[in-house]
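J.: Attaching a single structure in structure tokens format; questions to follow.
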Amino acid sequence: MNDKLIAKNSYWVGYVDDRKVPFHRLTLEKGTTYNSYFLDTEKPTIIDTVDISFGRNFVEELKDYIELEKIQYIVINHVEPDHSGGLPALINKAKQATIVTTELGAEELKEMYKLHHKKFMIIKDGDTLDIGGKTLKFFETPFLHTEETMITYSVEDKVLYPCDIFSTHIATDKLFNDLAPEDITEDFKVYYSLIMHPHRPYVQDMIEKIRKLDIDIIAPSHGYVLRDKPKKYIDLYDEMSKPNKDKNALILFSTMTGNTKRISKHIAEELELQGIKTEMMNIKENVDIDDVKEKIKSSDAIFFGSSTRYADMVGGIEKVLKILKYMNLEEKLGIAFGSYGWSGEAVEVIKDYLQDTNIKLVDSSYVIKTTGMDNIKFPIRVKFNPDKENIEEVKASTRVIKDMLVS
Ligand SMILES: Cc1cc2nc3c(=O)[nH]c(=O)nc-3n(C[C@H](O)[C@H](O)[C@H](O)COP(=O)(O)O)c2cc1C
């Protein structure tokens, strides 16, 4: 038991998975661990659990540490089943326990494991919980790496339990980073790029919150507990998630009555607000193609907009779209948008043109695959003149582009 002690009365009670683990369209060649922690205080508390496949095993092993009925709190920092998967088996035995999580976390757990009748404590950013001998402080860390996520800080021990954040995928029973047989920095960085980097603006928000804490140990949910130089790992996240400035956007649009121009203005405003230099061009029939070509070459994100007129595009935008497949647009983002009345074919045709080039076409599928967000709409389609709600949606979509640009 003592070799699992990570701080006073705080034990690692996780599971070492030394298979080649399938995970997020990858195979984790070095396996992984699912780190759960038991805080043996007056109100015994579990922080996160293990993968759903090992839930029963987890509960059995936990009996060596505590009579399960005595557990008072189960903190779920992150709902994904590789961390919350032991919850159904655990809560079945720990009958009086309260599940401590964010509002969205509670909603998702109830649905996922049919826990509607269980006790929940909803956490807001900065809330604390006295577990009798230790104080836990919670911070919401949305999108690290899914929307409901939070992290837990044990105040007296100076231990941060950040779940997926600061993890590494390595199966190890050595527990601490200073006992690792080789330097883990590369594995740590690979994990960051795969799981956290798509959400880097949120990484910066998280760092701002934890910089104020005095942290001796970082106890994440995969891989080693970082007791040797924890600050080094925070600095690495900081460095890797810093915005890359000096990006340009170009908005090319064709319009009949100005509605698509209005959408363009909202996109431009939002991009400028986020520090991205943006140019708007109304593409008429007599467009100077060479001029547009040069502008495309020097832009990092290009928005192509048109309203729909008799199921087709308007103005000169098609002339621009036709030259794209002869250009190298490999590192650029392409976004289709436009106003329409009832069917909006123009936006779809723009999308078809972009698909025929090597530009990174930002559609809903691309956004889900790169960020995990399923509530952001691409292409940007607005019925007639954009109203307040449309403007908000346009701005939310634009912010996603900004996040992609500042990588
Ligand atoms: C002559 C004409 C034809 C139109 N045809 C279509 C159409 O086929 N499908 C559609 O969704 N909207 C159609 N619309 C609606 C426009 O796309 C809509 O009014 C849009 O807001 C115009 O945007 P704009 O001001 O940027 O041109 C048509 C409008 C006009 C005036």
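J.: Need at least 3 residues that are under 22 Å from N9 (Cβ atoms) and in the same structural domain as I47 (by TED's automatic domain parsing) per element, so show me which strands (runs of 3 or more DSSP E) inside region 91-135 make the cut, counting only ones lying wholly within it.
T.: 98-102, 128-130
J.: Could you tell me how many of the residues in region 4-19 are out of contact with any helix residue (DSSP H, G or I) (no Cβ under 8 Å at 6 or more places or on another chain) and in a strand (DSSP E or B)?
T.: 5
J.: Still on this structure, please answer the following. Is at least one residue of region 324-339 within 16 Å of the ligand (Cβ to nearest atom) and more than 29 Å from M196 (Cα to Cα)?
T.: Taking every residue of region 324-339 in turn, at least one turns out to be within 16 Å of the ligand (Cβ to nearest atom) and more than 29 Å from M196 (Cα to Cα).
One line per residue, one yes/no per condition, for (1) out of contact with any strand residue (DSSP E or B) (no Cβ under 6 Å at 6 or more places or on another chain); (2) charged (D, E, K, R):
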{"site": "A311", "(1), (2)": "yes, no"}
{"site": "L329", "(1), (2)": "yes, no"}
{"site": "I335", "(1), (2)": "no, no"}
{"site": "S339", "(1), (2)": "no, no"}
{"site": "V347", "(1), (2)": "no, no"}
{"site": "D356", "(1), (2)": "yes, yes"}
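J.: Looking at region 241-268, which of the residues that are touching a residue at least 60 places away in the same chain (Cβ under 8 Å) and surrounded by fewer than 17 Cβ atoms within 10 Å (Cβ to Cβ) is nearest to the chain's Cα centre (by Cα)?
T.: P243
J.: Now, a different point. What number goes with the only condition from (1) in contact with a helix residue (DSSP H, G or I) (Cβ under 8 Å, 6 or more places away or on another chain); (2) of a type outside the set (S, T, Y); (3) over 29 Å from L194 (Cα atoms) that M373 does not pass?
T.: Just one mismatch for M373, condition (3).
J.: Would a scan of region 346-364 turn up a residue that is under 30 Å from L144 (Cβ atoms), of a type in the set (F, W, Y), away from the ligand (no atom under 11 Å from the Cβ) and surrounded by 15 or more Cβ atoms within 10 Å (Cβ to Cβ)? Talk me through it step by step, then tell me what you get.
T.: Pass one, region 346-364, residues under 30 Å from L144 (Cβ atoms): 359-364.
Then keep just the ones that are of a type in the set (F, W, Y); that gives none.
Checked region 346-364: no residue is under 30 Å from L144 (Cβ atoms), of a type in the set (F, W, Y), away from the ligand (no atom under 11 Å from the Cβ) and surrounded by 15 or more Cβ atoms within 10 Å (Cβ to Cβ).
J.: How many residues, within region 20-35, are in contact (Cβ under 8 Å) with a residue 60 or more places away in the chain and outside any strand (DSSP E or B)?
T.: Selection size over region 20-35: 4.
J.: So, of the residues in region 168-207 that are part of a loop (DSSP other than H, G, I, E, B) and touching a residue at least 60 places away in the same chain (Cβ under 8 Å), which turns out to be surrounded by the fewest Cβ atoms within 10 Å (Cβ to Cβ)?
T.: Filtering region 168-207 for residues that are part of a loop (DSSP other than H, G, I, E, B) and touching a residue at least 60 places away in the same chain (Cβ under 8 Å), the one surrounded by the fewest Cβ atoms within 10 Å (Cβ to Cβ) comes out as D173.
For (1) in contact with a Leu (Cβ under 6 Å, 6 or more places away or on another chain); (2) hydroxyl-bearing (S, T, Y); (3) closer than 30 Å to P142 by Cα, each residue gets a yes or a no:
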position	(1), (2), (3)
I317	no, no, no
M327	no, no, no
K332	no, no, yes
I335	no, no, yes
Y353	yes, yes, no
I359	yes, no, yes
S365	no, yes, yes
F384	no, no, no
D387	no, no, yes
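J.: Related question: When T45 is evaluated against the numbered criteria (1) closer than 23 Å to L144 by Cβ; (2) surrounded by fewer than 21 Cβ atoms within 10 Å (Cβ to Cβ); (3) among the β-branched types (V, I, T), which criterion, by number, is the only one it fails?
T.: Every condition holds for T45 apart from (2).
J.: Can S221 be described as closer than 17 Å to K189 by Cα and of a type in the set (G, A, S)?
T.: Working: closer than 17 Å to K189 by Cα: yes; of a type in the set (G, A, S): yes.
Against the criterion (closer than 17 Å to K189 by Cα and of a type in the set (G, A, S)), S221 qualifies.
The values are calculated or read from the model by the stated rules, or taken from the named source; none is laboratory data. Predicted model only: the values in this text are computed from it and were never measured. Neighbour counts are summed over all protein chains in view; Cβ atoms, including those assigned to glycine, are modelled from backbone coordinates with ideal geometry.
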